[in-house]
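Asker: The following block contains the structure, expressed as C-alpha cells.
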Amino acid sequence: MDISPLACPFPELPEVAGCRRGAATAGYKPWTRADVTLLAFEPGTVVAGVTTRSKCPSPEVELCRRHLPGGAARALVVNAGNSNAFTGMRGADACAAQVAEAARLLDCEQAEVFAASTGVIGVPLPADKATSGVRAAHAALGSASWLDVTQAIGTTDTFPKAAAREAVVDGRKVTLVGFIKGSGMIAPDMATMLGFIVTDAAIDPALLQQMLTAANRSTFSCITVDGDTSTSDTVLAFATGAAGNARLEIADSPGADAFAVALADLCRELAQLVVRDGEGASRFVEIRVSGAVSDDSAHRIALSIANSPLVKTAIAGGDANWGRVVMAVGKAGEPAERDRLSIRFGGIEVAANGMVVEGYDEAPVAAHLQGQDIDIAVELGLGDGRATVWTSDLTHGYISINADYRS
C-alpha cells in the first residue's frame, strides 16, 4: 500500500516511567507482522477513556465501559486484523479469555485490564490465538519500541502515527505520549480508530476523565474521513504517577491547567494525523464555521460540509465549486440565512450576502486548492457559535481500498 502523500515522519518519543511495552504475532491474518500489543503498567496507574456511541459495539468496547469506573489499570491489550465486533458470545468469550490471561500473567485483577480490537467486522476473535498472542507479547515486554507498538495496532494505515508533549506540574516535568491508528471508517462519535495515551503524571482518575472528555470533544470528535463511525472506536489515557508530582485532584490544582492544555494539544495532533492518513486522501482540509447560533450548531454544520461527497470530490479535483459548500450548509438542518452567509477558501472571500462576491477571481482560489492543506471558512452571521473540524478529500483511492478490503 502506498504511503499517504500527507504522511508525517514518526517522531522521537520519550520513555514514560511506569509503562512497559510488548508486541507479538498472534496470526489473526495470514501475515508475519506483530498484531497483538501489550502495555503493562505499574501498580497505582489510573485510567480514563471514551468509546464509540455505535449501537453495535465490540465486546472489547463493552469491557472497557465496565472497567473504566474502577479507575485503575495494569494492562492494555490491543488486537489488529480482527475487530471482534458483531461476533456474539464467541467473540465475547474470546475477549474475556484474553483479558483473563493478561491478568494472570501480570498478577492483577481482570478489572484492571483493558482491551481493544480493530479489523474486519463479523469474524470472531480466535480465542487460542488471542491467548497465545498475549503470552508472546508478555514475554516480549520491555523489548518493543513506541514505533513497534504503533505499527502493531495498524490495519489499513499507511504510516505510523504518534506524538508527545510535556508539561510542568508542581515544578516537575511530566511526559505524555500518544499513539493512534485509523484511516477509514473515521467519524468518531465518542464520545476503525484506536488511540492510546500514556503519561507519568500523578492525577486523580476522575479529573483525568474530565480532561480527556473535554479534549475529545474538540479533537477526536471533530475529524471525519468518510462519515462512518466504527463499532470499535476507543481512546484510553493511562497515568502511571511515576513523575512524582503532587497528585492533581481537581481542575484548580496547581499545574492542572498546564496538563490539560498539553493533553488537548496531544489529542489534536493525533486526531489530525488520522485525517492525514485518510484512505485515498490527497488533501488535508480544515473547515471553520463561525457566527452560528451555538457551538453545537456550528459543529453540525461543519460536519455537514466535511462529510459531503460533493464537497470532498470537488476538493479532490481542485475545483473551486463553492456552491457545494452552500448546499452543505443548507442541508445541515441548522439555522442559516442565505443573505448573511459568507464563504472563504484559503482566506479569499468567494461568496457573501447571498451571492458571489463582486469581481470574484477564481484563479487564486484554484491555486490554493492545488496545495495539500486546504482551508474553508464559513461565517453565518447569526451568533457567537463556532467550530472547527478536519477532513480529507474523496478520491478513487478510497473506493479501491474499500472495494477490496476483505480480499
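The values are calculated or read from the model by the stated rules, or taken from the named source; none is laboratory data. Just so you know, these numbers come straight off a predicted model, no measurement behind them. Glycine gets a Cβ as well: all are built from the backbone with ideal geometry, and neighbour counts include every protein chain shown.
Asker: Suppose we keep only residues that are at pLDDT below 95 and among the acidic types (Asp, Glu) within segment 349-366. Which one would you say is surrounded by the fewest Cβ atoms within 10 Å (Cβ to Cβ)?
Answerer: Ranking the qualifying residues of segment 349-366, first place goes to 358.
Asker: Just to be sure before I move on: is residue 369 at pLDDT 90 or above, assigned by TED's automatic domain parsing to the domain that holds residue 326, surrounded by 19 or more Cβ atoms within 10 Å (Cβ to Cβ) and within 23 Å of the chain's Cα centre (by Cα) in the structure I sent? Write out each step before concluding.
Answerer: Numbers: at pLDDT 90 or above: yes; assigned by TED's automatic domain parsing to the domain that holds residue 326: yes; surrounded by 19 or more Cβ atoms within 10 Å (Cβ to Cβ): yes; within 23 Å of the chain's Cα centre (by Cα): no.
Spelling it out, it is not the case that residue 369 is at pLDDT 90 or above, assigned by TED's automatic domain parsing to the domain that holds residue 326, surrounded by 19 or more Cβ atoms within 10 Å (Cβ to Cβ) and within 23 Å of the chain's Cα centre (by Cα).
Asker: Given 288, 247, 300, which one is surrounded by fewer than 22 Cβ atoms within 10 Å (Cβ to Cβ), over 20 Å from residue 6 (Cβ atoms) and under 22 Å from the mean Cα position of the chain (by Cα)?
Answerer: Details: 288 fails: over 20 Å from residue 6 (Cβ atoms); 247 fails: under 22 Å from the mean Cα position of the chain (by Cα).
The conditions single out 300.
Asker: Given the conditions (1) surrounded by fewer than 24 Cβ atoms within 10 Å (Cβ to Cβ); (2) within 14 Å of the chain's Cα centre (by Cα), which single one is not true for residue 116?
Answerer: Single failed check for residue 116: (1).
Asker: Would a scan of segment 103-113 turn up a residue that is within 20 Å of residue 231 (Cβ to Cβ), modelled with pLDDT of 95 or more and either buried (at least 17 other Cβ atoms within 10 Å of the Cβ) or not charged (D, E, K, R) (or both)? Lay out the reasoning, then the answer.
Answerer: As a first pass, look at segment 103-113 and keep what is within 20 Å of residue 231 (Cβ to Cβ): none.
Within segment 103-113 (the criterion being within 20 Å of residue 231 (Cβ to Cβ), modelled with pLDDT of 95 or more and either buried (at least 17 other Cβ atoms within 10 Å of the Cβ) or not charged (D, E, K, R) (or both)), the answer is no, since none of the residues qualifies.
Asker: Just checking, how many residues over segment 7-63 are charged (D, E, K, R), under 14 Å from residue 116 (Cβ atoms) and assigned to a loop (DSSP other than H, G, I, E, B)?
Answerer: If we filter segment 7-63 for residues that are charged (D, E, K, R), which is where we start, we get 12, 15, 20-21, 29, 33, 35, 42, 53, 55, 60, 62.
Applying the additional criterion that residues be under 14 Å from residue 116 (Cβ atoms) yields 35, 60, 62.
Subsequent filtering for residues that are assigned to a loop (DSSP other than H, G, I, E, B) retains 35.
The number of residues fulfilling the criteria is 1.
Asker: Could you tell me which numbered condition residue 130 fails, if it satisfies all but one of (1) more than 19 Å from residue 81 (Cα to Cα); (2) touching a Cys at 6+ places or on another chain (Cβ under 9 Å); (3) of a type in the set (A, V, I, L, M, F, W, C)?
Answerer: (1)
Asker: Across segment 366-396, what is the total count of residues that are of a type in the set (Gly, Ala, Ser) and not in a loop (DSSP other than H, G, I, E, B)? Spell out how you get there, then give the answer.
Answerer: Restricting attention to segment 366-396, the residues satisfying the condition of being of a type in the set (Gly, Ala, Ser) are 366-367, 371, 377, 381, 383, 385, 387, 392.
With not in a loop (DSSP other than H, G, I, E, B) added as a condition, the list becomes 366-367, 377, 385, 387, 392.
Looking only at that region, the number is 6.
Asker: Do you know which of the residues in segment 335-365 that are part of a strand (DSSP E or B) and in contact with a helix residue (DSSP H, G or I) (Cβ under 8 Å, 6 or more places away or on another chain) is nearest to residue 294 (Cα to Cα)? Write out each step before concluding.
Answerer: To start, the set of residues in segment 335-365 that are part of a strand (DSSP E or B) comprises 342-345, 348-352, 355-356.
Adding the requirement that they be in contact with a helix residue (DSSP H, G or I) (Cβ under 8 Å, 6 or more places away or on another chain) leaves 343, 345, 348, 350-351.
Values: 343: 18, 345: 23, 348: 25, 350: 24, 351: 22 Å.
That would be 343.
Asker: Another question about this same structure. Among the residues of segment 300-336, write down those that are among the acidic types (Asp, Glu) and at pLDDT 95 or above.
Answerer: Residues of segment 300-336 among the acidic types (Asp, Glu): 319, 334.
The one that is among the acidic types (Asp, Glu) and at pLDDT 95 or above: 334.
Asker: Within the bounds of segment 78-88, is there any residue that is at pLDDT below 95, part of a helix (DSSP H, G or I) and surrounded by fewer than 24 Cβ atoms within 10 Å (Cβ to Cβ)?
Answerer: Within segment 78-88 (the criterion being at pLDDT below 95, part of a helix (DSSP H, G or I) and surrounded by fewer than 24 Cβ atoms within 10 Å (Cβ to Cβ)), the answer is yes, since at least one residue qualifies.
Asker: Going through segment 46-62 one residue at a time, which ones are at pLDDT 95 or above and surrounded by fewer than 21 Cβ atoms within 10 Å (Cβ to Cβ)?
Answerer: Of everything in segment 46-62, just one residue is at pLDDT 95 or above and surrounded by fewer than 21 Cβ atoms within 10 Å (Cβ to Cβ), namely 62.
Asker: Which number in (1) surrounded by 22 or more Cβ atoms within 10 Å (Cβ to Cβ); (2) closer than 30 Å to residue 92 by Cα; (3) modelled with pLDDT under 95 marks the one condition that residue 217 misses?
Answerer: Unmet for residue 217, out of (1) surrounded by 22 or more Cβ atoms within 10 Å (Cβ to Cβ); (2) closer than 30 Å to residue 92 by Cα; (3) modelled with pLDDT under 95: (1).
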